[in-house]
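First the structure, in the form of structure tokens, and then the observations on it.
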Amino acid sequence: MGSELGLTADSKSELDTSAVSIFWVAFGCIWTAIIVAGASYLIVNRNTPTIRIRGLWLSLSAVAFLHLYAWSVQFGLLIGALMPGDIEFWIMGTYLPCGIALFHASNSRFLHVAKLQKKFIHHDGHNVAVPPVQAKRGLLAKFRRLDYTAKTVWLVSIAMVVQIFLTVLMYLISRKWHSSWGIPGTEVTGTIMEQRAEQGRGWEWWPSVAWQFFWSWVFAPYILWQSRNIHDTQGWRTQTIGCAIVMLPATPMWLIGLYVDGMAPVNAVWLPPQWIVLSIFFIEIFTVLLPCWEVLRASTLRQETLDAIAQWERRNKVAPLESKSMASGSTFIGSIMSGWKSMNGSVKTNSSSDSILTMSALEHVLERNPIPLLEFSALREFSGENIAFLISIAQWKSSIPAAVRDGSVDGNTKDSVRDCFNNALHIYAEFISVRHAEFPVNISHQDLRKLENIFEKPTRILYGEKRDSDVITPFEGADYNMEPASPTYSSGSEKAMNVSASAIKERVHYWGEIPADFGAAVFDESEESIKYLVLTNTWPKFIRNHRTSIGSVETLEAGNGIVEMADLHNEK
């Protein structure tokens, strides 16, 4: 039989400087450098849409724990004979289960975010008012009112505490590593190396085995099954599937390496825990390197879009667009209403296709029928808040009274102006506020501060002090509650606390003083910022998807018709 670090009764208490041992040490150093570089790249690009939604710090914490365990195993052949017998027991009983727990907590966000994004495809009907009720008291009620991230952290923390407790308990009751206390009969005898070999296996390791089995064979397949109908463009589903599959053989192969005598030749060059390390390497590929590739791909796609727009603008200055029939544009719009095939290939364009990627084409689709683009962004891009925000702004602008447009407010128009402000206030709370929005849109710090100066005080009066949030990473700690929250009233105040923006919209209105800076152009900068974000991220992916669906030639020809119709519409 084998042991955790490959020790046998014939092993010598010295460094193993064999070629195999040196190879694994060198490989571990190179791999560590790659993962550190990848993690650093993700941190630098943490504000990109692909990374911003993932919960980066939770996943990197998981990778750190798992990599520390993998690092100790990679050095196992080299220094295993010199390490104290209980070191690897503590490493496997703490770093490994804690890392796996954090990883699955991070990866489960995939299902949660995908579920929440579905609400945007029912944007017109998800604001459901509920009557105020007295909040329940007690620890369980407080736990249920926590946001998703806080709940996950608490559950994972409890699980890690239980695992560490079991590790300490196994260490205390077994005499394998100490002969002065513990259960009689659990000690090991023989030479020093015979004792060390026996310390590397046994029932004391069972809590870690059970933990591994639960995450690999119960929780991971459950996540895999739940994500079967999700087809995102972020690489998140690929990560979930890949990690769930690679973790399945880790624990069985580890047990086979420890307890099957025929594995002795393999254990001499490949330690039993390296089967677990192999799955960790794949987890790091899917969790660190795959998102790096997604960021690079998104950057390339964005640059191709900008180049295509610049090329179209240069060509349009030389040769104005020829007259096209409305039918061609209608054909393209019709094509947008159907077809959801896989997105393959590049967005590289030719002289007849650049116009599809312009702002005019995007604005035309947003004006005529934005629902397919909204569904695509919510179900596949997980950025439905951007399109829903643009739709809400367009609806709000269409209802702005003349008094707001002209800045001429009197007693007769005061009520309509207040209604207009309340509608704008709900847009701010639902899509912009980092304290109340479930998915705050990604606008510049300057634009955010400008809107906060206008809307934040009325929002806090209307919605209460919901939560504090970091404007750099607003999704960390965001309240991802699917059900409209009920307000909690304190004994000393009538202020509603923890009320979701979607639940309060039709229930109450703000009756305080309207800020002087409020006007019809209050959202213009934010709207343009989000349009540009959609144009350079979601829109080219959406176009590429439909090119694949209905054929590029017809789509490109019709695309020119879209731009012409948009230009004619703007001239009116």
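The values are calculated or read from the model by the stated rules, or taken from the named source; none is laboratory data. Being a predicted model, the structure only gives us computed values, none of them experimental. Positions of Cβ are backbone-derived with ideal geometry, glycine not excepted, and every protein chain shown enters the neighbour counts.
Listing for the model above:
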{"item": "Unmet requirement for LYS541, which otherwise passes all of (1) at pLDDT 85 or above; (2) assigned to a loop (DSSP other than H, G, I, E, B)", "result": "(2)"}
{"item": "Residues of the stretch 249-278 satisfying the condition of being free of Cβ contacts under 8 Å to residues at least 60 places away in the same chain and assigned to a helix (DSSP H, G or I)", "result": "ALA250, THR251, PRO252, MET253, TRP254, LEU255, ILE256, GLY262, PRO265, VAL266, TRP275, LEU278"}
{"item": "Per-region count, the stretch 245-281, residues farther than 10 Å from GLY6 by Cβ, of a type in the set (A, V, I, L, M) and in contact with a Leu (Cβ under 9 Å, 6 or more places away or on another chain)", "result": "7"}
{"item": "Qualifying positions in the stretch 53-79 - assigned to a loop (DSSP other than H, G, I, E, B) and closer than 15 Å to LEU15 by Cα", "result": "PHE75"}
{"item": "Top-ranked residue of the stretch 1-24 - restricted to ones that are within 41 Å of the chain's Cα centre (by Cα) and surrounded by 18 or more Cβ atoms within 10 Å (Cβ to Cβ), ranked as farthest from ALA197 (Cα to Cα)", "result": "TRP24"}
{"item": "Subset of the stretch 424-458 that is part of a loop (DSSP other than H, G, I, E, B) and hydrophobic (A, V, I, L, M, F, W, C) - its residue that is surrounded by the most Cβ atoms within 10 Å (Cβ to Cβ)", "result": "PHE439"}
{"item": "PRO272, sole failed condition from (1) surrounded by fewer than 20 Cβ atoms within 10 Å (Cβ to Cβ); (2) over 17 Å from ARG109 (Cα atoms)", "result": "(1)"}
{"item": "Positions within the stretch 61-96 being surrounded by 18 or more Cβ atoms within 10 Å (Cβ to Cβ) and without any contact (Cβ under 8 Å) to a residue 40 or more places away in the chain, in sequence order", "result": "PHE65, SER72, ILE91, TYR95"}
{"item": "One residue from THR50, THR8 being outside any helix (DSSP H, G or I) and β-branched (Val, Ile, Thr)", "result": "THR8"}
{"item": "Residue satisfying condition, being in the same structural domain as TYR95 (by TED's automatic domain parsing) and touching a residue at least 60 places away in the same chain (Cβ under 8 Å), within set ALA39, ALA26, ALA9", "result": "ALA39"}
{"item": "Segments classed as helices (runs of 4 or more DSSP H), wholly inside the stretch 144-247, with at least 2 members that are within 30 Å of GLY80 (Cα to Cα)", "result": "148-173, 192-199, 206-214, 236-247"}
{"item": "Condition met for VAL246 (β-branched (Val, Ile, Thr) and in contact (Cβ under 8 Å) with a residue 60 or more places away in the chain)", "result": "no"}
{"item": "Neighbours by Cβ (under 7 Å, 6+ apart or cross-chain): first from the stretch 522-534, within 18 Å of ILE400 (Cα to Cα); second charged (D, E, K, R) and assigned to a helix (DSSP H, G or I)", "result": "GLU525/ASP447; SER526/ASP447"}
{"item": "Conditions (1) loosely packed, with under 15 Cβ neighbours inside 10 Å; (2) under 30 Å from LEU42 (Cβ atoms): number failed by TRP206", "result": "(2)"}
{"item": "Of the criteria (1) over 30 Å from ASP10 (Cβ atoms); (2) free of Cβ contacts under 8 Å to residues at least 40 places away in the same chain, which one ALA308 fails", "result": "(2)"}
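Results for (1) of a type in the set (A, V, I, L, M); (2) within 18 Å of the chain's Cα centre (by Cα); (3) modelled with pLDDT of 85 or more; (4) outside the structural domain of GLN212 (by TED's automatic domain parsing), shown as yes or no for each residue.
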site	(1), (2), (3), (4)
PHE65	no, no, yes, no
TYR69	no, no, yes, no
GLY80	no, no, no, no
PRO84	no, no, no, no
GLY93	no, no, yes, no
ASN107	no, yes, no, no
PHE110	no, yes, no, no
